[in-house]
Amino acid sequence: MLKRLLLVAALFASSVGWAAENDLTRSIGVLNQQSLSLLKIDLRSLRWLMEASPESYRPYDYLERSGELRFIEALKREGYVTVDIIDRLPDGSATEKHLRMIPTRMGCVVIKAVFALPPRQTNRSDGKVWYDSPMDACR
């Protein structure tokens, strides 16, 4: 009897976990559609926008092979970033092609708005919020 009860409890717990995961997946899909509707970019493009900085260089070949380049191209198309493709890093350390995303004024508005959202929690013991972000690119 105890084994049967434990089995039922385990099945119930896994189905509840699956249902919660399914609800979360649906919610992310809705959020993605809202991002497309309001900003004209999807969440994966928004992720790249949050990392845009004139000091950040990404290997072009990786972006192209992984398919991530399309999300950066969407940012450029919608006017959130300008893109430079260079053959050599400024310090001369690499000679393959790299891509640099520079947030435009409109891109900076979105970046600042996202970082201005109230935090839900902090990792600091003094209660202050700490952001490690590329927002410095939007001064």
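Please return the ranges of strands (runs of 3 or more DSSP E) entirely within region 35-103 where 1 or more residues are under 16 Å from VAL114 (Cβ atoms) and either modelled with pLDDT of 95 or more or among the acidic types (Asp, Glu) (or both).
Values: elements: 57-59, 81-86, 98-103.
In region 35-103, the matching strands (runs of 3 or more DSSP E) lie at 81-86, 98-103.
What pairs can you find where one residue is in region 68-79 and closer than 14 Å to ARG100 by Cβ, the other is part of a loop (DSSP other than H, G, I, E, B) and not β-branched (Val, Ile, Thr), and their Cβ atoms are less than 9 Å apart, with a gap of 6+ or different chains?
ILE72/ALA52; LEU75/ALA52
The values are calculated or read from the model by the stated rules, or taken from the named source; none is laboratory data. Computed from a predicted structure; not experimentally measured. Every residue, glycine among them, receives a Cβ derived from its backbone with ideal geometry; neighbour counts consider all protein chains shown.
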